[in-house]
């Protein structure tokens, strides 16, 4: 029996449909949600979110947010999120390098918090795109 | 009857006004499309966040509540009003100002106002309402970071007990022709109806209920304010587009009427001149 997954950001609805399973980067580590999961409310840390539908597995980079599970209905409220196909891998890697340089050569007036955040963001993007290369989204379900 | 020359001058004036309003209509139309997309895109997230928070707030009332969930007897009310900076958008700012004024009058408690945008600020200052703070409008593409100082201010006003309830007033975008002023309660958060909460078992929390709430509540405030900005902006651009289209149409009508009048005046002048000549000739011959 499938469950309904909604992935929402302030920009719009990223996904709304039936899925068989969801794996999300919870604040206490990665957690998988299958149908009939207990009601749950968790914070999300930046990382990879994947869900499986009849058509295969899809990957997203999420940058923090919340997830609520209640009665076979999963709602992801992401601060920001993007589908793996929407990420430009080369640009993400470039962004990691830039952010690292900026942090290494830190000047007095720079906003270190912000620099670290953008580094984190870029790293998540890179990680998710690497996943895509290892396991294409259209591939057979694992296991 | 005005002379042909006077009429010609007026037509020229109206035509240049029409040129300006037409240009403003075009600008508003292109901004409107993006503003509408942004507002509609943010809606599901804002609504869901509200819903999720209502669930959590309904459950969390038993333990020691988060300061933002604390419900106190209302002695002071605070309203955040989101208005445009600029006019020429029909009745939108005054409709909203009137709605807020009515709301304040209906409250029995002393009510303070924080405004975003000049139209609200000017109105509140003029009417002598307790204006606590005012922010300039954030333009066509507000960011969450823009909103932070505002939502922090609301948060601290509530936590410090300066206000026992916080309302949010803005113009809700319905469609291009229709925008409605609304005043909704932001704080304290309305917990989900108890019977609904009783039906579903309590949530598990990660890391824990307090941690989740501490992250969720500020986010909720930010998002509601941000969303109100997007709605207000979509409403403003739509109202301006419509107002400017009406102005352009009115100007075009006026040009038509004036042109007709001018032609009549010109014909009359010619007729009068002909009559003069004919009369003169008749006098000479006679």
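No lab work stands behind these numbers, since they all come straight from the coordinates. Given the structure is predicted, the values throughout are model-derived calculations rather than measurements. Note that we place each Cβ from the backbone using ideal geometry, even for glycine, and neighbour counts take in every protein chain shown.
For the protein assembly as shown, the mean residue ellipticity at 222 nm estimated from helices alone is -18500 deg cm²/dmol, where every DSSP H run of n ≥ 4 contributes -39500 (n - 2.57) and the total is divided by all residues, rounded to the nearest 500.
For region A:3-84, the average shadow cast by the Cα convex hull is 4.5 nm², which is a quarter of the hull's surface. Normalised size of the protein assembly as shown, defined as Cα radius of gyration per 2.2 N^0.38 Å with N residues, equals 1.36. If R0 equals 22 Å, the separation of the Cβ atoms of residue B:141 and residue B:172 corresponds to a calculated FRET efficiency of about 0.65. Summarising the strand pairing of the protein assembly as shown, around 65 percent of its internal DSSP beta bridges are antiparallel.
How high is the relative contact order of region B:10-164? Use alpha-carbon pairs under 8 Å, at least six apart in sequence, and give a whole percent. Write down the numbers at each step before the final one.
Values: 124 pairs, mean separation 36.4, N = 155.
With pairs under 8 Å counted, the relative contact order is 23 percent.
Taking only C-alpha pairs under 8 Å that are 6+ residues apart, what is the relative contact order of chain B in percent? Relative contact order here is 34 percent.
Compared with the dominant principal axis of the Cα atoms in chain B, helix B:118-127 is inclined by about 80°. When B:170, B:135, B:123 are sorted by how many other C-beta atoms sit within 10 angstrom of their C-beta, beginning with the fewest, the order is B:135, B:123, B:170.
Stretched out fully, how many nm does the piece from residue B:107 to residue B:202 gain, at 0.36 nm a residue minus the Cα gap? Going from the current span to full extension adds 30.6 nm. Using a 7 Å offset from Cα along Cα-Cβ at residue B:277, what residues in region B:1-22 end up with backbone N under 20 Å from the label point? Zone members listed by number: B:4.
Pairwise inverse Cα distances across region A:87-134, averaged and inverted, put the Kirkwood hydrodynamic radius at 11.1 Å. Principal semi-axes of the equivalent ellipsoid, √(5λ) from the alpha carbon gyration tensor of chain B, are 60, 19, 14 Å from largest down.
The calculated FRET efficiency for residue B:74 paired with residue B:184, based on their beta-carbon distance and R0 = 22 Å, is about 0.90.
Taking 8 Å as the Cα distance limit and 6 or more residues as the minimum spacing, I'd like the relative contact order of region A:87-134 as a percentage.
Normalised by residue count, the contact order of region A:87-134 is 53 percent.
With a/c under 1.5 counting as rounded, go ahead and sort region B:37-116 into rounded, prolate or oblate using the C-alpha gyration tensor (a ≥ b ≥ c being the square roots of the eigenvalues; past the cut-off, prolate if a/b is larger than b/c, else oblate). Here region B:37-116 falls in the oblate category. Rounded to the nearest 5, the antiparallel percentage of DSSP beta bridges internal to chain B is 35%.
Each part reduced to its alpha carbon centroid, region B:95-162 and region A:1-46 end up 36 Å apart. I'd like the orientation of helix B:209-285 relative to chain B: the angle between its Cα long axis and the longest Cα principal axis, in ° from 0 to 90, rounded to 10. For B:209-285 against chain B, the angle is about 10 degrees. Need one number: % antiparallel among DSSP beta bridges in region A:1-131, to the nearest 5. So the antiparallel bridges in region A:1-131 amount to around 90 percent. Over all pairs of different C-alpha atoms in chain A, the reciprocal of the mean inverse distance, the Kirkwood hydrodynamic radius, equals 15.9 Å.
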